[in-house]
Amino acid sequence: MAECGASGSGSSGDSLDKSITLPPDEIFRNLENAKRFAIDIGGSLTKLAYYSTVQHKVARVRSFESSGRDTEQDHEPPYEISVQEEVTARLHFVKFENTYIEACLDFIKDHLVNTETKVIQATGGGAYKFKDLIEEKLRLKVDKEDVMTCLIKGCNFVLRNIPHEAFAYQKDSDPEFRFQTNHPDIFPYLLVNIGSGVSIVKVETEDRFEWVGGSSIGGGTFWGLGALLTKTKKFDELLHLASKGQHTSVDMLVQDVYGGAHQTLGLSGDLIASSFGKSAAADKEFSKEDMAKSLLHMISNDIGQLACLYAKLHCLDRVYFGGFFIRGHPVTMRTITYSINFFSKGEVQALFLRHEGYLGAIGAFLKGAEQDNPNQYSWGENYAGSSGLMSSSPELCPTQRFDLLEMDRLERPLANLPLLLDPSSYVPDTVDLTDDALARKYWLTCFEEALDGVVKRAVASQPGSVDAAERAEKFRQKYWRKLQTLRHQPFAYGTLTVRSLLDTREHCLNEFNFPDPYSKVKQKENGVALKCFPRVIRCLDALGWEERQLALVKGLLAGNVFDWGAKAVSDVLESDPQFGFEEAKSKLQERPWLVDSYGKWLQRLKITVE
Amino acid sequence: MAECGASGSGSSGDSLDKSITLPPDEIFRNLENAKRFAIDIGGSLTKLAYYSTVQHKVARVRSFESSGRDTEQDHEPPYEISVQEEVTARLHFVKFENTYIEACLDFIKDHLVNTETKVIQATGGGAYKFKDLIEEKLRLKVDKEDVMTCLIKGCNFVLRNIPHEAFAYQKDSDPEFRFQTNHPDIFPYLLVNIGSGVSIVKVETEDRFEWVGGSSIGGGTFWGLGALLTKTKKFDELLHLASKGQHTSVDMLVQDVYGGAHQTLGLSGDLIASSFGKSAAADKEFSKEDMAKSLLHMISNDIGQLACLYAKLHCLDRVYFGGFFIRGHPVTMRTITYSINFFSKGEVQALFLRHEGYLGAIGAFLKGAEQDNPNQYSWGENYAGSSGLMSSSPELCPTQRVRSGTFDLLEMDRLERPLANLPLLLDPSSYVPDTVDLTDDALARKYWLTCFEEALDGVRARGGPGAPGVETGGSEFVGVGGPGRPWSKRQVW
């Protein structure tokens, strides 16, 4: 009765589908350099993890020898741009249905060049079932890793390294998703992993965790009972059915029993008194949708209630949900959240994970890569290579069979700016675009309209390349698709900000070997700016103290005009090559500015000066 | 999502069966003297309670005038026996399926002689649904009583008054049933009432209790999902199917996932990892029996786990199960017990009630009878008039099962005097007056049952026409009640 596995078993007689053709460069990317493998095989889904290196171009700046050169000379760039090849580390995670496992293993075998790899870390119930197949196909030794250990390792890793990994879901609030900022203190927490069954684990430190309970009513129950009731054998189709159903025709509500709310107990009439309590009624057929909805409610409520009880019993106030069950499905998240709130009276918070399905695979990978110390580096999600959270409306992408997550090892470990008073509460982005529909629309349109210009710049940045135009076109398509995804699912990569839109564009550019399309523009403008600089300084020095402060601020604002990201500005810059610093200054709005605290600032400066 | 009602609703479209003929003197006994009524209408079952009086013969002993008599003289009895008519109070409880409710109400109306009764206490979800029908048929005003209050009152009453009301169930031990001796300190405890849904109530004193939680996965879920999966619409038939099924063909076990036990977590390979976890497998039909069994396991496990968690959260170590779901069904009791033991590591005890289904009706009756102070008296179960716990093997007496599944009776006699503990006992609560527990000792049981069977003819010969005490009323022959246990002479009859 207790659940045990992170991801259940593969005993459901899935017949292996060998006929599929994989679009190789879209799914198992960078396989030729892959060197560490881990696999997590659950009851329905396989998650493959590998470590690879990516060679890509970076634009480096190098000063000319300054001796013997005349910087005043016109048309001479201030520095040299050298495009170098750089190798960075990347983690790849691919999730696919178990039916494709043989085709995938064949594909990997054919594309695996690196012969140093001898071992594959494996976890999940299927590690046991598919062991022989993996060893035979890949000629790698399968090293079985403990399911719970992998799960917790993976969960800790995503909570620490993936920005906006966890989120709260509240149906009727706007936005529905509330992403959590990453916090260095992630412990203690309760992890409820919903695989075929449910495992409930209390996690106290990186290495200390305890399986405190489980339940046999999990994803496998939804799938199994759902298949029996509706004759629909696909998990996602069942979820889709559920999203269209009315549970009230099948469930007995409090109002069905009492004609309204239960006053003494303070229970609303809409609460479910008995799941499927109406379905023993004679002579009635129930729709598949309604039964699937009722089943999803029943299971989600039960999981939420158990999670709440275990959290209270162990004095924990945060519960993370992992596994393959939730899949960003709003009915499930709403019901679990409701249940936890109801039974804990708001004391326990339900938090969902964008990468709920990858925890075991990430953990297994980390176990195998311990000598590389992956936890010592900072990792960033690669928005270009990652699929993003499933849409809330399954109609949007029903054919999505492969889900990808890629993480880049950052050049240096990230650290908090030491000047920040409280780094954990600092949010660098001023506008949360998931929160502000108007601003979101504005910025997405902005980036869409700027796309042609970026493509043009990208081609221009690599004049010597024969395939630059072709790559730039691929970039355009990819980034355009990302923008459309974000229009429909603003929460696909966590909180949406102008910064994340820029990062996504950069990741897409890098993907197609455009390290910096603006490098030439920057080079030219930096040259111009350096030439202006002595004159600007001389002018400032000539001013009195108070006039100088205003001139400095105006200069700051004018300098900020030179932003190619803003379409209005790039239009001006494109159409008027003579547009310079003085022109920008003259175009500035008169005071008072939109946000104008110049007076206060000046006052403070005066005190400091005196 | 939270369950609320003690007994759920009657919204399942049960069509009323008006055609049945009731065997009146077997079911609604002593109706002519009935004076207080209470009714608890759940989602599937109606429980009717009434108070009545029974006139019966008692044999009294009277000494002869001792003066002028020679006791040494032979053939002269030492005292005189006089048979008298006595009136004693009796509580009647009748449980039947909601389909019979109209026929039953008609029957009661036709046989109700006492016109003083004006009110009927009603509880359960059906009190709301059937209010008009009851008022029209019986011409009694329906007084709705709070479901939880009735439930707790009833539970406290049976725990105090019915000997061996509560029992632990352990499948592989002998005997499977371990009855608890009644203890004056029944508080605190957790009551898990399984109706259509599940209500979980912490009971601290006679008047202080708190609804601490509930679940929508209850009896209605077994019935509803069971009906959808097996096309079997009868609750007891579903239970019967379940008792013949193999859940391992439908459920995914730990060994299906790991090829054996899960060593690190110390979980046995036989544990269910995922209920119905195998049934999404393509191209296979599952038997009704297997699906019903898996469903019963799923629901019983879940209820046991929730009960255990609520008990631990509220620091309680005893959980009583009420409602209409369990019905003495061994698979259910075994699964609930296993689940509680597993999740509490043996710290919480699951206790079942012989009269689980009557709690609400008893409570509603007690509420209406408060001026009679029923709690001041001692009550004894009348073994002749009560149906007894359902057999553990349904195959044993299938016809009785069907019959008693339709009508189940409980009768309680008000004892002549309140029972009190013998003051000489060191620890009355641990004192067991019986030297042999025949449920525990199969050999002794066989011996004594045969003994009583063989003596039966003799008893019949003794109790000729007009002989006192042959009727079920029970005569005062011995006049000794054991402490907290009115072991009465009915054993001898």
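The values are calculated or read from the model by the stated rules, or taken from the named source; none is laboratory data. Model, not experiment: these values are computed from the prediction. Quick reminder, even Gly has a Cβ in these numbers, built from the backbone with ideal geometry, and neighbours come from all protein chains shown. Heavy atoms of the whole protein, side chains included, go into the accessibility calculation; ligands, DNA and RNA do not. Shrake-Rupley method; radii C 1.70, N 1.55, O 1.52, S 1.80 Å.
Does at least one position in region B:286-303 carry a residue that is at pLDDT below 90 and more than 9 Å from chain A (Cβ to nearest Cβ)? Show your work before the answer.
Of all residues in region B:286-303, those at pLDDT below 90 come to none.
Checked region B:286-303: no residue is at pLDDT below 90 and more than 9 Å from chain A (Cβ to nearest Cβ).
Mind telling me which of the residues A:324, A:365, A:343 ends up being outside the structural domain of residue A:200 (by TED's automatic domain parsing) and not charged (D, E, K, R)?
Values: A:324 fails: outside the structural domain of residue A:200 (by TED's automatic domain parsing); A:343 fails: outside the structural domain of residue A:200 (by TED's automatic domain parsing).
It is A:365.
Going residue by residue through region B:57-66, is there one that turns out to be assigned to a helix (DSSP H, G or I), open to solvent by 50 Å² or more (accessible area, probe 1.4 Å) and either at pLDDT 65 or above or in the same structural domain as residue B:364 (by the TED database) (or both)? Before you say what the answer is, go through the steps one by one.
First, the residues of region B:57-66 that are assigned to a helix (DSSP H, G or I): none.
No: zero hits.
If the requirement is being more than 14 Å from every other protein chain (Cβ to nearest Cβ), among the polar types (S, T, N, Q) and touching a Phe, Trp or Tyr at 6+ places or on another chain (Cβ under 9 Å), which of these qualifies: A:181, A:221? Give the steps one after another, and end with the answer.
Working: A:221 fails: more than 14 Å from every other protein chain (Cβ to nearest Cβ).
Every option except A:181 fails the conditions.
Do you know which of the residues in region A:469-482 that are surrounded by fewer than 19 Cβ atoms within 10 Å (Cβ to Cβ) and among the hydrophobic types (A, V, I, L, M, F, W, C) is farthest from residue A:56 (Cα to Cα)?
So, considering only residues that are surrounded by fewer than 19 Cβ atoms within 10 Å (Cβ to Cβ) and among the hydrophobic types (A, V, I, L, M, F, W, C), the one farthest from residue A:56 (Cα to Cα) is A:480.
What is the one condition in (1) within 22 Å of residue B:194 (Cβ to Cβ); (2) open to solvent by 10 Å² or more (accessible area, probe 1.4 Å); (3) over 37 Å from the mean Cα position of the chain (by Cα) that residue A:249 does not satisfy?
Failed condition: (1).
So residue A:271 ticks every box in (1) touching a helix residue (DSSP H, G or I) at 6+ places or on another chain (Cβ under 7 Å); (2) open to solvent by 50 Å² or more (accessible area, probe 1.4 Å) but one. Which box is left unticked?
(2)
In region A:514-545, what residues are open to solvent by 60 Å² or more (accessible area, probe 1.4 Å) and either in contact with a His (Cβ under 6 Å, 6 or more places away or on another chain) or not in a helix (DSSP H, G or I) (or both)?
A:543
Any residue in region A:439-460 that is outside any helix (DSSP H, G or I), among the acidic types (Asp, Glu) and within 24 Å of residue A:568 (Cβ to Cβ)?
Of all residues in region A:439-460, those outside any helix (DSSP H, G or I) come to none.
Looking through region A:439-460, none of the residues is outside any helix (DSSP H, G or I), among the acidic types (Asp, Glu) and within 24 Å of residue A:568 (Cβ to Cβ).
Can you find a residue in region A:121-142 that is in contact with an Asp or Glu (Cβ under 6 Å, 6 or more places away or on another chain) and within 29 Å of residue A:511 (Cβ to Cβ)? Please lay out each step first, then the result.
Step one: filter region A:121-142 for residues in contact with an Asp or Glu (Cβ under 6 Å, 6 or more places away or on another chain), giving A:121, A:123-124, A:142.
Filter once more, so that each one left must be within 29 Å of residue A:511 (Cβ to Cβ): A:121.
Yes, there is a match, as at least one residue in region A:121-142 is in contact with an Asp or Glu (Cβ under 6 Å, 6 or more places away or on another chain) and within 29 Å of residue A:511 (Cβ to Cβ).
Inspect region B:343-358 for any residue being more than 30 Å from residue A:234 (Cβ to Cβ), in contact (Cβ under 8 Å) with a residue 24 or more places away in the chain and at the interface with another protein chain (Cβ under 8 Å from one of its Cβ atoms) and give the result as yes or no. So that I can check it myself, show each step before the final result.
So in region B:343-358, the residues more than 30 Å from residue A:234 (Cβ to Cβ) come out as B:343-358.
Of the ones still in play, those that are also in contact (Cβ under 8 Å) with a residue 24 or more places away in the chain are B:343-344, B:347-358.
Checking the rest, the ones that are also at the interface with another protein chain (Cβ under 8 Å from one of its Cβ atoms) come to B:343.
Yes, region B:343-358 contains a residue that is more than 30 Å from residue A:234 (Cβ to Cβ), in contact (Cβ under 8 Å) with a residue 24 or more places away in the chain and at the interface with another protein chain (Cβ under 8 Å from one of its Cβ atoms).
Residue by residue, here is whether (1) touching a strand residue (DSSP E or B) at 6+ places or on another chain (Cβ under 9 Å); (2) under 30 Å from residue B:95 (Cβ atoms); (3) modelled with pLDDT of 80 or more holds:
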{"site": "B:362", "(1), (2), (3)": "yes, yes, yes"}
{"site": "B:415", "(1), (2), (3)": "yes, yes, yes"}
{"site": "B:422", "(1), (2), (3)": "yes, no, yes"}
{"site": "B:453", "(1), (2), (3)": "no, yes, yes"}
{"site": "B:460", "(1), (2), (3)": "no, no, yes"}
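Pick out the one residue from A:578, A:549 that is polar (S, T, N, Q), in the same structural domain as residue A:531 (by TED's automatic domain parsing) and more than 26 Å from residue A:450 (Cβ to Cβ).
Numbers: A:578 fails: more than 26 Å from residue A:450 (Cβ to Cβ).
Unique residue meeting the criteria: A:549.
With the condition kept exactly as written, say whether any residue in region A:514-525 is out of contact with any Gly (no Cβ under 8 Å at 6 or more places or on another chain), modelled with pLDDT of 90 or more and among the acidic types (Asp, Glu). Walk me through it before giving the result.
Within region A:514-525, the first condition is being out of contact with any Gly (no Cβ under 8 Å at 6 or more places or on another chain), and the residues that meet it are A:514-525.
Next, only the ones that are modelled with pLDDT of 90 or more stay: A:514.
From what's left, among the acidic types (Asp, Glu): none.
There is no residue in region A:514-525 that is out of contact with any Gly (no Cβ under 8 Å at 6 or more places or on another chain), modelled with pLDDT of 90 or more and among the acidic types (Asp, Glu).
Would you pick out the residues in region A:575-601 that are within 25 Å of residue A:534 (Cα to Cα) and in a helix (DSSP H, G or I)? Working first, answer last.
First pass over region A:575-601, keeping only residues within 25 Å of residue A:534 (Cα to Cα): A:576-588.
Within region A:575-601, A:581, A:582, A:583, A:584, A:585, A:586, A:587 meet the criteria.
Can we say residue A:486 is touching a strand residue (DSSP E or B) at 6+ places or on another chain (Cβ under 8 Å), assigned to a helix (DSSP H, G or I), open to solvent by less than 40 Å² (accessible area, probe 1.4 Å) and not hydroxyl-bearing (Ser, Thr, Tyr)? Full working, then the answer.
Working: touching a strand residue (DSSP E or B) at 6+ places or on another chain (Cβ under 8 Å): yes; assigned to a helix (DSSP H, G or I): yes; open to solvent by less than 40 Å² (accessible area, probe 1.4 Å): yes; not hydroxyl-bearing (Ser, Thr, Tyr): yes.
Judged against the criteria, residue A:486 is a match.
Given the options A:107, A:130, name the one that is hydrophobic (A, V, I, L, M, F, W, C) and either surrounded by 24 or more Cβ atoms within 10 Å (Cβ to Cβ) or within 14 Å of chain B (Cβ to nearest Cβ) (or both). Before you say what the answer is, go through the steps one by one.
Values: A:107 fails: either surrounded by 24 or more Cβ atoms within 10 Å (Cβ to Cβ) or within 14 Å of chain B (Cβ to nearest Cβ) (or both).
Unique residue meeting the criteria: A:130.
Which residue out of A:243, A:279 is within 37 Å of the chain's Cα centre (by Cα) and either part of a helix (DSSP H, G or I) or among the polar types (S, T, N, Q) (or both)? If you could, list the steps in order and put the result at the bottom.
On the way: A:279 fails: within 37 Å of the chain's Cα centre (by Cα).
Every option except A:243 fails the conditions.
Report, by residue number, each residue of region B:286-337 that is among the β-branched types (Val, Ile, Thr) and farther than 15 Å from residue B:356 by Cβ. Lay out the reasoning, then the answer.
To start, the set of residues in region B:286-337 that are among the β-branched types (Val, Ile, Thr) comprises B:299, B:303, B:319, B:326, B:331-332, B:335-337.
B:299, B:331, B:335 - these are the residues of region B:286-337 that are among the β-branched types (Val, Ile, Thr) and farther than 15 Å from residue B:356 by Cβ.
If I filter region B:304-318 down to residues being surrounded by fewer than 24 Cβ atoms within 10 Å (Cβ to Cβ) and more than 10 Å from chain A (Cβ to nearest Cβ), which single residue comes out as nearest to residue A:304 (Cα to Cα)?
B:314
Answer yes if at least one residue in region B:144-167 is hydroxyl-bearing (Ser, Thr, Tyr) and open to solvent by less than 10 Å² (accessible area, probe 1.4 Å), and no otherwise.
First pass over region B:144-167, keeping only residues hydroxyl-bearing (Ser, Thr, Tyr): B:149.
Subsequent filtering for residues that are open to solvent by less than 10 Å² (accessible area, probe 1.4 Å) retains none.
No: zero hits.
Any idea which of B:205, B:232 is β-branched (Val, Ile, Thr), over 23 Å from residue A:297 (Cα atoms) and within 14 Å of chain A (Cβ to nearest Cβ)?
Values: B:205 fails: within 14 Å of chain A (Cβ to nearest Cβ).
Of B:205, B:232, the one residue that is β-branched (Val, Ile, Thr), over 23 Å from residue A:297 (Cα atoms) and within 14 Å of chain A (Cβ to nearest Cβ) is B:232.
Out of curiosity, is residue A:76 at pLDDT 80 or above and either within 14 Å of another protein chain (Cβ to nearest Cβ) or surrounded by fewer than 20 Cβ atoms within 10 Å (Cβ to Cβ) (or both)?
Numbers: at pLDDT 80 or above: no; either within 14 Å of another protein chain (Cβ to nearest Cβ) or surrounded by fewer than 20 Cβ atoms within 10 Å (Cβ to Cβ) (or both): yes.
It is false that residue A:76 is at pLDDT 80 or above and either within 14 Å of another protein chain (Cβ to nearest Cβ) or surrounded by fewer than 20 Cβ atoms within 10 Å (Cβ to Cβ) (or both).
For region A:256-276, does any single residue satisfy the condition of being touching a strand residue (DSSP E or B) at 6+ places or on another chain (Cβ under 6 Å), touching a residue at least 40 places away in the same chain (Cβ under 8 Å) and assigned to a loop (DSSP other than H, G, I, E, B)?
No - not one qualifying residue is present in region A:256-276.
Could you look through region A:330-342, keep only residues that are among the polar types (S, T, N, Q) and in contact (Cβ under 8 Å) with a residue 12 or more places away in the chain, and pick out the one that is nearest to residue A:181 (Cα to Cα)? Steps first, please.
If we filter region A:330-342 for residues that are among the polar types (S, T, N, Q), which is where we start, we get A:332, A:335, A:337, A:339, A:341.
Now drop any that are not in contact (Cβ under 8 Å) with a residue 12 or more places away in the chain, which leaves A:332, A:335, A:337, A:339.
Working: A:332: 23, A:335: 24, A:337: 19, A:339: 24 Å.
The extreme case among them is A:337.
Are there any pairs, at least 6 apart or on different chains, whose C-beta atoms fall under 7 Å, with the first in region A:230-247 and assigned by TED's automatic domain parsing to the domain that holds residue A:218 and the second modelled with pLDDT of 90 or more and not in a helix (DSSP H, G or I), and if so, which?
Cβ pairs passing all conditions: A:238/A:232; A:241/A:232; A:245/A:287.
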